[in-house]
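Since the structure comes first, as structure tokens, the remarks are kept for the end.
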Amino acid sequence: MQKAQYGILRFAKYKGPEIGNIEAHNERTKEKYASNPDVDLTRTKYNFHLIEPQGKYRAAAEKQIAAAGCKTRKDSVRLVEALVTASPEFFKGKKRADVKEYFEYALKFIQAHQSPETIVSAVIHMDEKTPHMHLTFVPLTADGRLSAKEIIGNKKKLTWWQDEFWRHMVKKYPDLERGESASVTGREHIPPRLFKQAVHLNRQRDIILQTLKDITPFNAGRKSTEVAEMIEKYISGTEDMKTVLRGYEGEIKALQAENAKLEKDLDGSKESIQKRIENNQKLTEYEDLKRTAEAIPAEILAAYSTLNATEKTVEI
């Protein structure tokens, strides 16, 4: 049975200093990416833009905001980033031209609902496990107001974005299923299915490790084929989880900021303490899931590298 293929659209909001960090990541201006081991700098040359930035992200945003005559506060959202991708299975076997066509079609959807003039950059990363597009835009409304809340707003609006994105993409890619309805700005909790997926991944990991230990010169041929299939499914599962977890990064940052603020609450009210406990529970759950997706044992990574030395996730 073929695994479901999802079209994925996620939003994140940025206010100030962090804009420089996302620009460095998106435009690959760093020399090393220790915090993201998925980045393969030998493949960075295959990254490409659909819309190239005309200068620095922050400067471009401030210029547009000033031209629109908008007043800003320190906490005003100056840039919104849309992460567009699909399940890893969708990209398997696709050539560079096919991948580009997918993101061009997705870009048309964004431009139909957000003024093209507000888009600062649209760059496709081919140097990570799953191709994806980082599209950044200034959240200016049609009548010239700066309002990320109105554009990607509440849960109802986020659900609308997901519904419309799927309706657009499925016209050209009928096998795609609708992605999750929530986004980084509207999630209340991590869905139970992710915890079930984590349990399944941990079980797969343990079986693979045991199988690797059981390989001997006498059964190497049969066991190697067996373990290769298991590792492929396991790695694919971790990639799926990492893709979904990226959509929570905005909420996690917000929870961390809220906790930092609550810790300064000198009155130590019951409500304040309870809120910190709830936030910490969510943060712990997120970190546990993240470890499951990212902490792949070295033995499995080594075996995966050996068994797939001549294969690539996407054909260039």
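Which ones in the range 215-234 are closer than 19 Å to ILE296 by Cα and out of contact with any Leu (no Cβ under 9 Å at 6 or more places or on another chain)? GLU226, GLU229, MET230, LYS233 - these are the residues of the range 215-234 that are closer than 19 Å to ILE296 by Cα and out of contact with any Leu (no Cβ under 9 Å at 6 or more places or on another chain).
Looking across the range 117-162, the residues that are of a type in the set (Gly, Ala, Ser) and either assigned by TED's automatic domain parsing to the domain that holds ILE235 or buried (at least 22 other Cβ atoms within 10 Å of the Cβ) (or both) come down to SER121, ALA122, ALA148. Close contacts from the range 259-284, counting a first residue that is closer than 18 Å to GLU249 by Cα and a second that is modelled with pLDDT under 80 and basic (Lys, Arg), with Cβ to Cβ under 8 Å and a gap of 6+ residues or different chains, come to ASN259/ARG276. Being in contact with a strand residue (DSSP E or B) (Cβ under 7 Å, 6 or more places away or on another chain) and assigned to a helix (DSSP H, G or I) is the filter here; which residues of the range 114-150 pass it? Answer for the range 114-150, where residues must be in contact with a strand residue (DSSP E or B) (Cβ under 7 Å, 6 or more places away or on another chain) and assigned to a helix (DSSP H, G or I): THR118, ALA148.
Screening THR225, THR243 for residues that are in a helix (DSSP H, G or I), within 17 Å of the chain's Cα centre (by Cα) and hydroxyl-bearing (Ser, Thr, Tyr) leaves exactly one candidate, THR243.
Quick check: anything in the range 93-111 polar (S, T, N, Q), farther than 14 Å from PHE11 by Cβ and part of a helix (DSSP H, G or I)? Yes, because at least one residue in the range 93-111 is polar (S, T, N, Q), farther than 14 Å from PHE11 by Cβ and part of a helix (DSSP H, G or I).
Among the residues of the range 246-280, those that are of a type in the set (S, T, N, Q) and either in a loop (DSSP other than H, G, I, E, B) or at pLDDT 75 or above (or both) comprise GLN256, ASN259, SER269, ASN279, ASN280. Quick check: is even one residue across the range 174-193 at pLDDT below 95, part of a helix (DSSP H, G or I) and crowded, with 20+ Cβ neighbours inside 10 Å? Scanning the range 174-193, I find no residue that is at pLDDT below 95, part of a helix (DSSP H, G or I) and crowded, with 20+ Cβ neighbours inside 10 Å, so the answer is no.
Would you check which residues across the range 242-261 are closer than 18 Å to GLU128 by Cβ, out of contact with any Phe, Trp or Tyr (no Cβ under 8 Å at 6 or more places or on another chain) and surrounded by fewer than 19 Cβ atoms within 10 Å (Cβ to Cβ) and list them? Residues satisfying the conditions are ARG246, GLU249.
Of everything in the range 60-98 that is under 24 Å from the mean Cα position of the chain (by Cα) and free of Cβ contacts under 8 Å to residues at least 60 places away in the same chain, the residue that is surrounded by the fewest Cβ atoms within 10 Å (Cβ to Cβ) is ALA97. If you take the residues of the range 128-145 that are more than 14 Å from the chain's Cα centre (by Cα) and in contact (Cβ under 8 Å) with a residue 40 or more places away in the chain, which of them is nearest to MET241 (Cα to Cα)? This residue is PHE137.
Rundown of residues vs (1) modelled with pLDDT of 90 or more; (2) outside any loop (DSSP other than H, G, I, E, B); (3) surrounded by 13 or more Cβ atoms within 10 Å (Cβ to Cβ); (4) not aliphatic (A, V, I, L, M), yes/no style:
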{"residue": "ALA12", "(1), (2), (3), (4)": "no, yes, yes, no"}
{"residue": "ILE22", "(1), (2), (3), (4)": "no, yes, yes, no"}
{"residue": "HIS25", "(1), (2), (3), (4)": "no, yes, yes, yes"}
{"residue": "GLU31", "(1), (2), (3), (4)": "no, no, no, yes"}
{"residue": "ALA34", "(1), (2), (3), (4)": "no, no, no, no"}
{"residue": "PRO37", "(1), (2), (3), (4)": "no, no, no, yes"}
{"residue": "ARG43", "(1), (2), (3), (4)": "no, yes, yes, yes"}
{"residue": "GLN54", "(1), (2), (3), (4)": "yes, no, no, yes"}
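Filtering the range 56-94 to residues that are in contact with a helix residue (DSSP H, G or I) (Cβ under 8 Å, 6 or more places away or on another chain) and on the phi > 0 side of the Ramachandran plot leaves nothing.
The values are calculated or read from the model by the stated rules, or taken from the named source; none is laboratory data. Because the structure is predicted, anything quoted here is derived from the model rather than measured. When we count neighbours, we look across all protein chains shown, and the Cβ atoms used for this are built from the backbone with ideal geometry, even at glycine.
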